[in-house]
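Q: Take this structure first; my questions come after.
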Amino acid sequence: MNSNIIRTTITLPADLLEAAKAAAYYRKTSVSELIRSGLREEVYRPERKQVAIRKISFIGKYKLGYRGLSREEIYEPYLKEKLSSGY
């Protein structure tokens, strides 16, 4: 297995998952590879790539006030609120 592959969870309608399993079976591949292939095709399509490059260029030219947040900065206020509300 490629060490750059990260496991993740996605949510699919049951009928789409069944269709993906059938397509993977007939193509003699895995559902994971079928999804990776579809994502590559969608994400790396030439016109999509140009849009992404324009967005990145825009962000690089203008200061948008984003400084990056740590995981703790994102989740700590949320968890404090949930714990204080008795969740």
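Q: Kindly check whether there is at least one residue in region 47-67 that is modelled with pLDDT of 70 or more and either within 19 Å of Thr9 (Cβ to Cβ) or not aliphatic (A, V, I, L, M) (or both).
A: Here is the first cut: in region 47-67, the residues modelled with pLDDT of 70 or more are none.
No, that holds for no residue.
Q: For Thr29, only one of the following conditions fails: (1) exposed (fewer than 10 other Cβ atoms within 10 Å of the Cβ); (2) hydroxyl-bearing (Ser, Thr, Tyr); (3) modelled with pLDDT of 75 or more. What is its number?
A: Only one criterion in (1) exposed (fewer than 10 other Cβ atoms within 10 Å of the Cβ); (2) hydroxyl-bearing (Ser, Thr, Tyr); (3) modelled with pLDDT of 75 or more is unmet by Thr29, namely (1).
Q: Among the numbered criteria (1) surrounded by 10 or more Cβ atoms within 10 Å (Cβ to Cβ); (2) at pLDDT 85 or above, which one does Val43 miss?
A: For Val43, the exception is condition (2).
Q: OK, next. Going by what's in this entry, would Leu83 be described as modelled with pLDDT of 70 or more, surrounded by 10 or more Cβ atoms within 10 Å (Cβ to Cβ), of a type in the set (A, V, I, L, M) and in a helix (DSSP H, G or I)? If you could, list the steps in order and put the result at the bottom.
A: Details: modelled with pLDDT of 70 or more: yes; surrounded by 10 or more Cβ atoms within 10 Å (Cβ to Cβ): no; of a type in the set (A, V, I, L, M): yes; in a helix (DSSP H, G or I): yes.
Spelling it out, it is not the case that Leu83 is modelled with pLDDT of 70 or more, surrounded by 10 or more Cβ atoms within 10 Å (Cβ to Cβ), of a type in the set (A, V, I, L, M) and in a helix (DSSP H, G or I).
Q: Right, here's the next one. Starting from region 20-45, take each residue that is in contact (Cβ under 8 Å) with a residue 40 or more places away in the chain and under 18 Å from Arg7 (Cα atoms) and list its partners that are of a type in the set (Gly, Ala, Ser) and surrounded by 10 or more Cβ atoms within 10 Å (Cβ to Cβ), counting only C-beta distances under 8 angstrom and pairs at least six apart or across chains.
A: No pair meets every condition.
The values are calculated or read from the model by the stated rules, or taken from the named source; none is laboratory data. Only a predicted model underlies this, so the values are computations on that prediction, with no experimental measurement involved. Counting neighbours? That spans all protein chains shown, and the Cβs are built from the backbone with ideal geometry, glycine included.
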